[in-house]
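**Q** One structure, as structure tokens, below. Some questions next.
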Amino acid sequence: MPLAHRPKDMRRFSREEVCFRCEITGPDFGSAFGLIVNVSPLGCMIRCSQDAKPDTAVSFALPIAGRIQARIVWAIGGRMGLEFDEEIDAAPYLAMLEQLRRPGDEMGSY
């Protein structure tokens, strides 16, 4: 009997653990601060106390990559998974990871 694939197994890119605070905004979301806990060129997971519904459009800023437009894919218990509208290219993504991993700057800036 074949085993069902877990969502993590189906990702095209692995997620990198980070810790970066950002402001998330959206027409049907409002505005809230969140903590990005993992990221890939195609999406991220954010911890946020704001109620969120799947398929809601949001945006937030990342170092180097700039303003990111995304859609909430899932939301459970203060966490939400986002899929970016456009993939972050390799060079800016790698430079961004260096910024998100700087010691002493874990909470980012707003």
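**Q** For the stretch 52-101, which positions are of a type in the set (Asp, Glu) and touching a strand residue (DSSP E or B) at 6+ places or on another chain (Cβ under 8 Å)?
**A** Listed by number, the residues that qualify are 55, 83, 85, 86.
**Q** In addition: Can you find a residue in the stretch 56-77 that is modelled with pLDDT of 95 or more, hydroxyl-bearing (Ser, Thr, Tyr), surrounded by 15 or more Cβ atoms within 10 Å (Cβ to Cβ) and in contact with an Asp or Glu (Cβ under 8 Å, 6 or more places away or on another chain)?
**A** The answer is yes; a qualifying residue exists.
**Q** Which ones in the stretch 33-60 are under 13 Å from residue 84 (Cβ atoms) and of a type in the set (Gly, Ala, Ser)?
**A** Selection gives 40, 43, 57, 59.
**Q** Within the stretch 43-80, track down each residue that is part of a strand (DSSP E or B) and among the small types (Gly, Ala, Ser).
**A** Listed by number, the residues that qualify are 43, 57, 59, 61, 66, 70, 75.
**Q** Can you find even one residue in the stretch 43-51 that is under 23 Å from residue 14 (Cβ atoms) and either among the hydroxyl-bearing types (Ser, Thr, Tyr) or touching a Ser or Thr at 6+ places or on another chain (Cβ under 8 Å) (or both)?
**A** no
**Q** Can you find even one residue in the stretch 83-95 that is assigned to a strand (DSSP E or B), modelled with pLDDT of 95 or more and crowded, with 18+ Cβ neighbours inside 10 Å?
**A** yes
**Q** Now a separate question. Is there any pair linking a residue in the stretch 12-40 that is at pLDDT 95 or above and exposed (fewer than 15 other Cβ atoms within 10 Å of the Cβ) to one that is hydrophobic (A, V, I, L, M, F, W, C) and part of a strand (DSSP E or B), with Cβ under 6 Å and at least six apart or on different chains, and which?
**A** 23/33
The values are calculated or read from the model by the stated rules, or taken from the named source; none is laboratory data. Since this is a predicted model, take the numbers as computed values, not measurements. All Cβ positions, glycine included, derive from the backbone under ideal geometry; neighbour counts span all protein chains shown.
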